[in-house]
Amino acid sequence: MSVLTVAGRRRLGRVALTHPVRSVLLVYVVSRIVALVAMWVAATWFQNPAGVGHLAPNVGDLISLWDAEWYETIATQGYPVPLPADPDTGKLTYSAWAFYPLFPFLVKGLMALGLPFTVAAVGLNVVLGGLGAVLIWAIFRHGLHAQPQPGRERLALVAASLWCFYPATGVMLKPYTEPLAVVLVAASLLYLMRRRYAVVAALAVPLGFTRGVAAAIGCAALIHLVVRIREEREAGVAPLRGARWAAALMLVVTGLSGIAWPVIVGMVSGIPTAFFDVQEAWGQKPASGPFILWIQWAWEARGLAGVLVLVALAGTYIALILGRHGRWLPVEVRAWAVAYPVYLFAVVRPITSMWRFLLLDFPIAALLASVAMRTSTGERIVTHWRRRVAVLLVPVGLGLVWWTCALLTYTPWGSRPP
C-alpha cells in the first residue's frame, strides 16, 4: 500500500512538472476556493452586523468592504474636482485621489459591457491573479544570474504554489489593485531578466498608475545592468552592445512612472503636493522621515526589546535572501526582494495593510520553499520534501483564515484595515 502511495506521488509529481502552467493554475483555483471558504467563515461567524448594515452578513459584504468602496466610487463617479478640503483648516482631506486610477478604469471598461462593478472587478482580479501566479513561476524557474540548482523546476513550482496560499491572498477576491500590480511587477522582472528593456519601459507606464513601486523596480533594473556590464567586460564584449538606448529608456521611464500620478494630481488640483497631502490625511506621515515611525512603534510597544526584535526580523529576512536559501533566485529577483520591503518600511507607517502590501514580495514564497525542500547547505532537495511542504501548508492555511477573519471583517468602532 505504501509502495503504491509513494509511486503514485512520484507519478503525480512527474505529471505536474511536465505540465507546470496547468499545475500552477490548478493550485491557484484550489487556493481561491480556500480563500472563498475563509471569507464565508469570516462573514458567518466574525463579521459584526453593524459593519454591513443588516443582520445576515455574507461573502458579498466582505468583498465590498474597505477600499473596494473607494474603487467603486472612482469607477462610477470618477475623481472629485476640486479636491475635498476641511472647511475649517483648508487642508486636503480623505478623497479618492489617494488611489491609483488604472484598476478602477479597467473595471469601468468592463462595466460598459453591462457588468455590475463587483462582478467586473472580482472577475478581472481572478483572471489577473492566475496570470500573476504563472508569471511568478516563470520568474522562479529562470536560471540566469542565479546559483545553479538541479531541482529548480520543482522548487519554482512549489514556490509559486505557496504564493497562491499567502495569508493575505484573499484580497485578490476583492476589488483591490494587488492582482494587477503583481502581474505588472512580475512581468517587468521577467522581461528584465530576458533583457527586453523596451518592454520593461512599456510596463512601467501602467505600473505607475497602479502602485507606487517604481523605485524598487528601478533598483532591480540597476542591479541587472551592473551585473550584465560586469559579465560582458569580463568576456571581452562591449557592455550593453545594441541595448544602450533601450536600457537608458527603461531607467528614465521607470523613474518617471514613480512620479506620474503625484504630478497629475498636482496639476489637476493646482497644488503641487496634493497627492502627498491627501496621503497624509489618510495617516501617512512622510515628513517624519524613513523608518522612524516603525522604530517609534516598536519602542512604544515593547521598548528596546521591540526595536531589537524588529531589527532581528529584518536582518533574518535579508540574510535569507542574500544567503544560501536565496541564491537559487536570479539576482534581479533578490534585488526586488530587498528593495521593495525596504521601500515599504521607509514610506509606509505601521499599519495592518502591510500584510497585503507584502503580497508583491513573492520571493518570500521562494524562501519558504527552499527552507522546506532543501538541505541546510542548500545543495540538494531532500527526499521527504513533500511531507515538509505539507506541514508548512498548515500554518500558511491557518494564517489565511486568521487574516480573513481578523482583518477583512469590519466593525465601525474598532477595526483595522486589511
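From Leu310, Leu368, grab the single residue that is surrounded by 16 or more Cβ atoms within 10 Å (Cβ to Cβ) and within 30 Å of Ala390 (Cβ to Cβ). Full working, then the answer.
Details: Leu310 fails: within 30 Å of Ala390 (Cβ to Cβ).
Step by step, each of Leu310, Leu368 is checked, and only Leu368 is surrounded by 16 or more Cβ atoms within 10 Å (Cβ to Cβ) and within 30 Å of Ala390 (Cβ to Cβ).
Before we move on, is Pro175 buried (at least 24 other Cβ atoms within 10 Å of the Cβ) and in contact (Cβ under 8 Å) with a residue 12 or more places away in the chain? Walk me through how you get there before you give the answer.
Values: buried (at least 24 other Cβ atoms within 10 Å of the Cβ): yes; in contact (Cβ under 8 Å) with a residue 12 or more places away in the chain: yes.
Yes, satisfied.
Inside the range 39-85, can you point out the residues that are among the acidic types (Asp, Glu) and farther than 12 Å from Thr409 by Cα? Outline the logic, then answer.
Let us first name the residues in the range 39-85 that are among the acidic types (Asp, Glu), namely 61, 67, 69, 72.
Within the range 39-85, Asp67, Glu69, Glu72 qualify.
Residue-by-condition table, conditions (1) under 12 Å from the mean Cα position of the chain (by Cα); (2) in a loop (DSSP other than H, G, I, E, B):
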{"residue": "Gly109", "(1), (2)": "no, no"}
{"residue": "Ile136", "(1), (2)": "yes, no"}
{"residue": "His142", "(1), (2)": "no, yes"}
{"residue": "Gln147", "(1), (2)": "no, yes"}
{"residue": "Pro150", "(1), (2)": "no, yes"}
{"residue": "Glu153", "(1), (2)": "no, no"}
{"residue": "Leu157", "(1), (2)": "no, no"}
{"residue": "Pro175", "(1), (2)": "no, yes"}
{"residue": "Ser188", "(1), (2)": "no, no"}
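Residues in the range 48-78 that are assigned to a loop (DSSP other than H, G, I, E, B) and surrounded by fewer than 16 Cβ atoms within 10 Å (Cβ to Cβ): how many? Walk me through how you get there before you give the answer.
To start, the set of residues in the range 48-78 that are assigned to a loop (DSSP other than H, G, I, E, B) comprises 48, 52-58, 65-66, 78.
Cutting the leftovers down to surrounded by fewer than 16 Cβ atoms within 10 Å (Cβ to Cβ) gives us 48, 53-56, 58, 78.
The qualifying residues number 7.
Please work out which residue is surrounded by the most Cβ atoms within 10 Å (Cβ to Cβ), limiting yourself to the range 386-411 and to residues that are part of a helix (DSSP H, G or I) and of a type in the set (Phe, Trp, Tyr).
The initial filter retains those residues of the range 386-411 that are part of a helix (DSSP H, G or I), namely 386-407.
Applying the additional criterion that residues be of a type in the set (Phe, Trp, Tyr) yields 402-403.
Details: Trp402: 14, Trp403: 23.
Selected residue: Trp403.
Residue pairs, Cβ under 7 Å, 6 or more apart or interchain, first in the range 32-56 and under 22 Å from Trp163 (Cα atoms) and free of Cβ contacts under 8 Å to residues at least 60 places away in the same chain, second part of a helix (DSSP H, G or I) and of a type in the set (A, V, I, L, M). List them.
Close Cβ pairs (under 7 Å, with a partner that is part of a helix (DSSP H, G or I) and of a type in the set (A, V, I, L, M)) amount to Trp40/Val59.
Could you list all residues from the range 80-105 that are assigned to a loop (DSSP other than H, G, I, E, B) and either crowded, with 19+ Cβ neighbours inside 10 Å or under 25 Å from the mean Cα position of the chain (by Cα) (or both)?
Keep residues of the range 80-105 that are assigned to a loop (DSSP other than H, G, I, E, B), which gives 80-84, 86-91, 93-95, 99-101.
Answer for the range 80-105, where residues must be assigned to a loop (DSSP other than H, G, I, E, B) and either crowded, with 19+ Cβ neighbours inside 10 Å or under 25 Å from the mean Cα position of the chain (by Cα) (or both): Leu83, Tyr94, Ser95, Phe99, Tyr100, Pro101.
Going by the conditions given, is Arg334 part of a helix (DSSP H, G or I), over 21 Å from Leu190 (Cβ atoms) and of a type in the set (Lys, Arg)? Spell out how you get there, then give the answer.
Values: part of a helix (DSSP H, G or I): yes; over 21 Å from Leu190 (Cβ atoms): no; of a type in the set (Lys, Arg): yes.
No; evaluated as a whole, the condition is false for this residue.
Filter the range 371-385 for residues that are surrounded by fewer than 20 Cβ atoms within 10 Å (Cβ to Cβ) and of a type in the set (Gly, Ala, Ser); which is nearest to the chain's Cα centre (by Cα)?
Out of the qualifying residues, it is Gly378.
Which one is farthest from Arg356 (Cα to Cα) among residues in the range 190-230 that are over 18 Å from the mean Cα position of the chain (by Cα) and of a type in the set (D, E, K, R)?
Arg230
Say we look at the range 319-331 and pick out the residues that are outside any helix (DSSP H, G or I) and either over 20 Å from the mean Cα position of the chain (by Cα) or not aliphatic (A, V, I, L, M) (or both); which of these is farthest from Glu153 (Cα to Cα)? Full working, then the answer.
We begin by selecting, within the range 319-331, every residue outside any helix (DSSP H, G or I); these are 323-330.
Restricting the remaining residues to those that are either over 20 Å from the mean Cα position of the chain (by Cα) or not aliphatic (A, V, I, L, M) (or both) gives 323-328, 330.
Values: Gly323: 20, Arg324: 17, His325: 15, Gly326: 15, Arg327: 15, Trp328: 11, Pro330: 14 Å.
Ranking the qualifying residues of the range 319-331, first place goes to Gly323.
Report yes if Ala335 is closer than 26 Å to Trp294 by Cβ, touching a Cys at 6+ places or on another chain (Cβ under 7 Å) and not basic (Lys, Arg), otherwise no. Break it down into steps so the answer makes sense when it comes.
Values: closer than 26 Å to Trp294 by Cβ: yes; touching a Cys at 6+ places or on another chain (Cβ under 7 Å): yes; not basic (Lys, Arg): yes.
Yes.
Condition check ((1) in contact with a helix residue (DSSP H, G or I) (Cβ under 6 Å, 6 or more places away or on another chain); (2) at pLDDT 95 or above; (3) among the hydrophobic types (A, V, I, L, M, F, W, C); (4) surrounded by 24 or more Cβ atoms within 10 Å (Cβ to Cβ)) across all residues:
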position: Glu153; (1), (2), (3), (4): yes, no, no, no
position: Pro179; (1), (2), (3), (4): yes, yes, no, yes
position: Val183; (1), (2), (3), (4): yes, yes, yes, yes
position: Ser188; (1), (2), (3), (4): yes, yes, no, yes
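Could you look through the range 274-318, keep only residues that are among the charged types (D, E, K, R) and in a helix (DSSP H, G or I), and pick out the one that is nearest to Pro417 (Cα to Cα)?
Of the range 274-318, the ones among the charged types (D, E, K, R) are 277, 280, 285, 300, 302.
After this cut, where a residue has to be in a helix (DSSP H, G or I) as well, the list is 277, 280, 300, 302.
Values: Asp277: 20, Glu280: 16, Glu300: 21, Arg302: 23 Å.
Applying the filter and picking the extreme gives Glu280.
The values are calculated or read from the model by the stated rules, or taken from the named source; none is laboratory data. This is a predicted model, so every value here is computed, not measured. In this analysis, Cβ positions are derived from the backbone assuming ideal geometry, glycine residues included, and neighbour counts consider all displayed protein chains.
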